[in-house]
Amino acid sequence: MKKKDNRHQKNTCWPWQWQWIWHGSSSASGLYGHLTAAPSQSPSRKKQTAATFFTFFLFVGASVFFGWFHSSIFSGIVHQNSVITTAKSPIEQQEFDLQCTKHNVTQSCPTNYSYPTPHNPKNPDRPSNLSTCPSYFRWIHEDLRHWRDSGITKDMIERARKTAHFRLVIVNGKAYVEKYKQSIQTRDKFTLWGILQLLRLYPGRLPDLELMFDCNDRPVVRARDFGGPNSGPPPLFRYCSDGSSLDIVFPDWSFWGWAETNIRPWSNVLKDIEEGNKRTKWKERVPYAYWRGNPNVSPIRKELMTCNASDKNDWNARLYVQDWGQESKQNFKQSNLGDQCSHRYKIYIEGWAWSVSEKYILACDSMTLIVRPRYYDFFSRGMVPMQHYWPIRDNSKCTSLKFAVDWGNAHTEKAEAIGEAASRFIREDLKMGYVYDYMFHLLNEYARLLRFKPSIPAGALELCSETMACSAKGTWRKFMEESMVKSPSDSIPCSLPPPYHPSALKNFTDTKVKLTRQVEAWENEYWKKIN
């Protein structure tokens with residue numbers, strides 16, 4: 001267990017500290033000059049000054065008497081632009097590292113586990129992000145709406161087991177897992193790792209709960225199968241859903257690292273992309289649409305590859321095949337996401353379902369060209385066409401891409417603004433703190449709907465950071481260490497916004513449709529003039 005020195009953090013006034021603001025000279029002589037009467041003052045002025053002087057020291061004396069002031073209140077005074085403030089004393093915050101056993105002993109959760117459960121935050125009334133959560137958090141209510149009246153029974157959860165990769169149970173702040181089958185790569189491991197980090201960030205704050213998680217891509221709980229009032233759809237968590245399904249969306253595993261492709265945890269990747277954005281100004285970037293990926297995972301991606309530049313046509317697209325096997329042999333030298341912000345426009349297109357690449361593409365400051373998606377993840381429903389991205393038709397991709405790039409190059413300021421708005425949305429509304437807060441609120445609201453008391457299954461294993469990370473090796477261990485929460489939050493999560501009123505939700509979705517149709521109308525007019 002280490003202690004973290006926060007002396008270099010931003011100066012903040014805590015409840016037990018005072019902040020003095022003195023209007024006047026920042027010099028020592030100027031300070032005392034305001035407290036000392038000048039020799040040339042009139043008698044009345046002298047009386048007024050003396051009264052002020054006496055009142056000031058009377059107040060200080062009374063304050064000291066009643067214990068209002070700490071002796072350190074007058075220490076560490078700094079001068080900044082005629083404002084005097086007390087410097088914040090260093091606050092030591094405990095860090096809790098892994099407690100791995102040695103000599104190849106099978107790792108178990110430490111019996112003397114020192115991580116606080118629960119933890120009493122120093123700012124219990126201060127949200128971690130100092131505001132209401134981003135608006136896309138409102139979709140939590142929509143995702144859980146199907147169980148709002150009936151609640152969630154044990155039987156409903158059991159019926160979700162059909163396709164689930166694991167059952168997660170949280171009892172008394174501890175996690176237990178019952179695994180049913182192996183997921184693609186290590187999706188299940190890093191999803192569970194992320195949930196463990198949530199428990200470390202907000203220890204003791206999550207209620208007891210039980211859920212089923214499916215790590216595959218496409219949703220499976222079809223709304224049409226549960227149309228009746230007492231149908232009781234099985235609650236199943238996964239990474240994406242669509243308009244005809246009831247699967248509950250949850251942040252994907254790659255936020256804690258995608259070891260198989262050497263993509264680091266989200267906080268680190270976001271920094272890399274920010275540095276990449278700084279290297280090339282938008283107007284100096286290549287004036288074409290860029291995409292790199294695996295086209296063999298879906299027909300729509302194969303269709304996209306026909307839009308590449310050729311001797312016959314130039315659709316303003318520059319498309320590249322990503323061979324992950326070859327990249328692995330070359331140590332992923334061509335896969336640095338921070339180096340892929342060199343074009344004015346970047347294309348997002350779904351694969352077998354939604355793609356984790358979406359957040360990386362949107363963070364690039366380039367105007368994102370989104371080929372009409374079928375699926376959504378937990379945050380993308382908060383984005384608006386023409387504000388955060390440019391919509392691309394899925395049935396005529398090449399002509400739609402050419403128009404988008406031609407429009408952007410003819411309206412560079414507007415195109416740049418769209419790219420910057422998306423990048424800002426990703427940086428500010430999808431930073432890791434909000435990812436954890438989304439998980440926290442989703443699981444909290446879900447737990448409220450349970451109509452039974454969760455208990456630890458007979459075959460479940462207790463999970464903690466040690467059981468997952470201590471036995472991990474190579475990139476897997478590295479990414480777990482990079483993404484591990486070492487200290488509990490001293491603030492509460494952001495405030496969950498209320499559900500959409502039905503009319504407000506309709507207006508929001510109608511606006512997105514209307515803006516997309518406006519772009520398509522411009523595109524139609526563009527091709528009429530050319531032809």
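Listing for the model above:
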quantity: Inter-residue pairs, beta-carbon under 8 Å, first within 13 Å of Leu192 (Cα to Cα) and in segment 465-478, second among the charged types (D, E, K, R), 6+ apart; calculated: Ser465/Arg200; Met468/Lys189; Ala469/Arg477; Ala469/Glu481
quantity: Qualifying positions in segment 227-241 - open to solvent by 10 Å² or more (accessible area, probe 1.4 Å) and either more than 13 Å from Trp147 (Cβ to Cβ) or of a type in the set (Lys, Arg) (or both); calculated: Gly227, Gly228
quantity: Subset of segment 355-402 [surrounded by fewer than 20 Cβ atoms within 10 Å (Cβ to Cβ), of a type in the set (D, E, K, R) and part of a loop (DSSP other than H, G, I, E, B)]; calculated: Arg372, Arg374, Arg393, Asp394
quantity: Residue identified as within 16 Å of Leu206 (Cα to Cα) and in contact with a Gly (Cβ under 7 Å, 6 or more places away or on another chain) among Leu442, Leu449; calculated: Leu449
quantity: Residue in segment 354-375 that is among the β-branched types (Val, Ile, Thr) and under 18 Å from the mean Cα position of the chain (by Cα) present; calculated: yes
quantity: Unique match (being assigned to a loop (DSSP other than H, G, I, E, B), touching a residue at least 12 places away in the same chain (Cβ under 8 Å), open to solvent by 10 Å² or more (accessible area, probe 1.4 Å) and out of contact with any His (no Cβ under 7 Å at 6 or more places or on another chain)) among Arg161, Arg224, Arg205; calculated: Arg205
quantity: Failed item in (1) surrounded by fewer than 17 Cβ atoms within 10 Å (Cβ to Cβ); (2) of a type in the set (A, V, I, L, M); (3) touching a residue at least 60 places away in the same chain (Cβ under 8 Å), with Ile184 passing the rest; calculated: (3)
quantity: Residue count, segment 448-472 (criterion: under 17 Å from Gly173 (Cα atoms), within 28 Å of the chain's Cα centre (by Cα) and open to solvent by 30 Å² or more (accessible area, probe 1.4 Å)); calculated: 3
quantity: Listing of helices (runs of 4 or more DSSP H) fully contained in segment 411-527 that carry 2 or more residues being over 30 Å from His141 (Cα atoms); calculated: 412-424, 465-469, 474-483
quantity: Residues being in a helix (DSSP H, G or I) and closer than 17 Å to Asn395 by Cα - total across segment 286-326; calculated: 8
quantity: Subset of segment 327-353 that is among the basic types (Lys, Arg) and not in a loop (DSSP other than H, G, I, E, B) - its residue that is nearest to the chain's Cα centre (by Cα); calculated: Lys346
quantity: Residue in segment 269-285 that is part of a loop (DSSP other than H, G, I, E, B) and at pLDDT 95 or above present; calculated: yes
quantity: Condition met for Gly194 (in a helix (DSSP H, G or I), among the small types (Gly, Ala, Ser) and closer than 19 Å to Cys109 by Cβ); calculated: yes
quantity: Residue check, Arg145 surrounded by 14 or more Cβ atoms within 10 Å (Cβ to Cβ) and either modelled with pLDDT of 90 or more or among the aliphatic types (A, V, I, L, M) (or both); calculated: no
quantity: Filtered residues of segment 203-232 (kept if at pLDDT 95 or above and touching an Asp or Glu at 6+ places or on another chain (Cβ under 9 Å)); calculated: Met212, Phe213, Asp214, Cys215, Arg218, Pro219, Val220, Val221
quantity: Matching residues, segment 359-405, being in contact with a Cys (Cβ under 9 Å, 6 or more places away or on another chain) and of a type in the set (A, V, I, L, M); calculated: Ala363, Leu401
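The values are calculated or read from the model by the stated rules, or taken from the named source; none is laboratory data. This structure is a prediction, so every number in the text was calculated from the model and none was measured. Reconstructed Cβ throughout: ideal geometry from the backbone, glycine too, with neighbour counts over all protein chains shown. Side chains included, ligands, DNA and RNA excluded: accessible areas come from the protein's heavy atoms. Shrake-Rupley method; radii C 1.70, N 1.55, O 1.52, S 1.80 Å.
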